[in-house]
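The values are calculated or read from the model by the stated rules, or taken from the named source; none is laboratory data. Keep in mind that this is a model prediction, so the values were computed, not measured. Neighbour counts are summed over all protein chains in view; Cβ atoms, including those assigned to glycine, are modelled from backbone coordinates with ideal geometry. The protein model used for the area step is the full one, side chains on, heavy atoms only, and it has no ligands, DNA or RNA in it. Shrake-Rupley method; radii C 1.70, N 1.55, O 1.52, S 1.80 Å.
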Amino acid sequence: MATTSDDMQWLWPTPILRRRMDGHGPINQQLLTEFEAVRNELETGHRGRVFASPDDLHQRIESPAMKQLIQFIMDGIFAAASQANRHVWPRKQGIQIGFTGLWFQMTNGHGFHETHIHGNCSWSGVYYVQAGDKDPDGNPQGATRFYGPYMDASAGGHADAGNAYLQAAHWDSPAEDGVLVLFPPWLKHTALPYAGERDRVIASFNAVVQAEGGRREGWGFA
Ligand SMILES: [Fe+2]
C-alpha cells in the first residue's frame, strides 16, 4: 500500500469532535421530561412526526440537567475551538462561550431533516438525548450524515481510479445516547430518517466563542 510523500499537501481538514457524557442516563431522562413539557405546552393539534422547539432552551429551562448539558457542551466547544485554532490563539486568553440558539428536535414516523447548514455562529452541534430504536432489520437509524467538499466535486460525474478517493463523500455520526458531535456550521449535514417505538430526541445548538477583551473578529487577514 502506498504511503503519502513529502511532496503532497493535504489541505483544509474539517474539525469534528465527538464525545460521550459520563453518567448521561439520569440527565437524559430528566431532559426528556422537560422537553416533553415544552412540547405539550406549545404543540397544538395532533402530535406531528417532527417537532422542533424554540431555540431559547438555554433561557427557557433552568434545571440541574440543563445546566449539566450546557456545561458538557461548552467544555466540548472549548476543546474543539482551542484545537482548531491552536496556531492562531495566543498562549493565554480568556474565552467566553455563548449560544445564539439551543433547541430540541423530536422525530418519528420516518421523519428526517434534509441537507442544510447553520449560520450565525462559529460552532454547531448535536447532542443525542435519546437515539431511539433500531429499524426492523436491526440497523441503527437517525444518524447525522455530514457531507464534505467531495460531494460537490463528484457532481461532475467523472469517476475513475485517479479520483476514487472522491467516493468517500460523506461521514455518518451514529445517533448514540449521551453523545455530542460538534462541527463547523458551514458543513452540510442531514438527519437521516427515523421510525421507532420511542422518539429520536436531540438537542441542537449554535455557539459563539469570544476572546475576552477582544472583538468578535479578534484576528485578521494579512
Ligand atoms: Fe443541523
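The accessible surface of the range 117-173, taken with every protein chain in place and a 1.4 Å probe, is 53 percent carbon and sulfur. Over the chain, all Cα pairs binned in 5 Å intervals from 0 give whole-percent P(r) values of 1, 6, 13, 16, 17, 16, 12, 9, 6, 3, 1, 0, 0, listed from short to long.
Just order 187-200, 120-133 by mean Cβ neighbour count inside 10 Å, highest at the front, would you? Kindly include the intermediate steps, with their values, before the conclusion.
Working: 187-200: 19.2, 120-133: 21.8.
The packing order, highest mean first, is 120-133, 187-200.
Ignoring ligands, DNA and RNA, what accessible area per residue does the chain give at 1.4 Å, in Å²? Please report the intermediate quantities before stating the final value.
Numbers: 13340 Å² over 222 residues.
Each residue of the chain exposes 60 Å² on average to a 1.4 Å probe.
One chain, two ends: Y165 and A153. Fully extended at 0.36 nm per residue, the span grows by 3.2 nm beyond their Cα-Cα distance. With θ taken as phi - 60° and the Karplus curve 6.51 cos²θ - 1.76 cosθ + 1.60 applied, the whole-hertz 3J(HN,Hα) list for the range 190-203 is 9, 8, 5, x, 9, 8, x, 4, 9, 6, 7, 10, 10, 10 Hz, x standing for glycine and proline. In order along the range 70-83, phi translates into HN-Hα couplings of 4, 5, 5, 4, 5, 4, x, 4, 4, 4, 5, 5, 6, 6 Hz, rounded to whole numbers, per the Karplus curve 6.51 cos²θ - 1.76 cosθ + 1.60 with θ = phi - 60° and x for Gly and Pro.
Note on D22 and K188: with the Förster distance fixed at 30 Å, the Cβ-Cβ geometry gives a FRET efficiency of about 0.45. Note on the range 128-208: Cα-only Rg and Dmax are 15.4, 45 Å.
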